[in-house]
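The values are calculated or read from the model by the stated rules, or taken from the named source; none is laboratory data. Please read all numbers here as calculations on a predicted model, not as lab measurements. Cβ coordinates were reconstructed from backbone atoms using ideal geometry, including for glycine residues, and neighbour counts include every protein chain displayed.
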Amino acid sequence: MTENTRKIIEQILAIPAGKVSSYRDIALKAGIPNGARQTVRTLHSMSEKYNLPWHRVIRSNGTIALEGDGRQLQLTLLRGEGVEVSADGFVDMDKFGW
């Protein structure tokens, strides 16, 4: 595991229940400018292994990136933590952002 990947994992694990963060903001907090895609790759390849709260990471515009069953699962998990998600998958980042 690279140092950058470790930093991204630490940031994802730090997102509290009931809050969301964006791929971009995770990368910035990890000290990796322009690292949003690395955040995506880390979530895709390591969520299960490190029990990452993947559902708490969304696009910086407040929308859910996933489609299909993954989208429905993410909606369910976020709503279960008290995050308000609109029918079209939008989260108010001012209210629920970390």
Problem set entry | Hey, T42 in contact (Cβ under 8 Å) with a residue 12 or more places away in the chain, in a helix (DSSP H, G or I) and over 17 Å from G97 (Cβ atoms) or not | yes
Exercise. What single numbered condition from (1) among the small types (G, A, S); (2) touching a Gly at 6+ places or on another chain (Cβ under 8 Å); (3) over 21 Å from L73 (Cα atoms) fails to hold for G35?
Worked result: (2)
Exercise. Looking at L13, L28, which one is part of a helix (DSSP H, G or I), hydrophobic (A, V, I, L, M, F, W, C), at pLDDT 95 or above and more than 12 Å from the chain's Cα centre (by Cα)?
Worked result: L28
